[in-house]
Amino acid sequence: MDNGKYVEEICRAMIKEFEEKEHFTLDEGVKAIKDLYRVKEECNWATNIANTIDNIINDIANKICIGGIAASIFKYKKIRDKITIDKDNVIWYDGFERVGIASGIKNITEKKTNDIEEILIEKNNGKSIRINDKAFVLGWE
């Protein structure tokens, strides 16, 4: 079996495992979502797999009560390992900077400002917060 097929089989096995799992703790769910985004980046060989991964991520997000939009914060590779969500549904950056509540997020986008790539998190109430790969940036505006 060539290396590409081997990686594909590992990806498919991981996807199937998460797809079949019925219950996740919050920590397990967040880890699974992060892992699935990594798999999606590494296994960009099939569109149908990417769609399946997106569906599984949404299912897991619903099972751990954070919602699909909030879960999409983990798709950004530069901050993925610095972001966590606690039992009170609070998003934390680097373990000590409180970003805000995961509910009520309208949109999460990546943009470039002053030659710095940032993640912009917009809330339904019109407030927003920016995060870059170097540090937590500003509070809700």
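The values are calculated or read from the model by the stated rules, or taken from the named source; none is laboratory data. Remember, predicted model here, so these are calculated numbers, not experimental data. Here the Cβ positions follow ideal geometry from the backbone for every residue, glycine too, while neighbour counts run over all protein chains shown.
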Confirm whether residue 69 is touching a strand residue (DSSP E or B) at 6+ places or on another chain (Cβ under 8 Å) and either among the hydroxyl-bearing types (Ser, Thr, Tyr) or assigned to a helix (DSSP H, G or I) (or both).
yes
Condition (residue is in contact with a Phe, Trp or Tyr (Cβ under 6 Å, 6 or more places away or on another chain), farther than 22 Å from residue 100 by Cα and not assigned by TED's automatic domain parsing to the domain that holds residue 129) applied to segment 55-67: is it met by at least one residue?
yes
Given the criterion over 20 Å from residue 64 (Cα atoms) and either modelled with pLDDT under 85 or of a type in the set (S, T, N, Q) (or both), identify the matching residue among 89, 114, 107.
114
Is it the case that residue 60 is surrounded by 13 or more Cβ atoms within 10 Å (Cβ to Cβ) and more than 25 Å from residue 112 (Cα to Cα)?
yes
Suppose we filter 87, 111, 78 for residues that are assigned to a strand (DSSP E or B) and of a type outside the set (A, V, I, L, M); which single one remains?
111
With (1) at pLDDT below 85; (2) surrounded by 12 or more Cβ atoms within 10 Å (Cβ to Cβ); (3) aromatic (Phe, Trp, Tyr) as the list, and residue 37 as the residue in question, which single condition is left unmet?
(1)
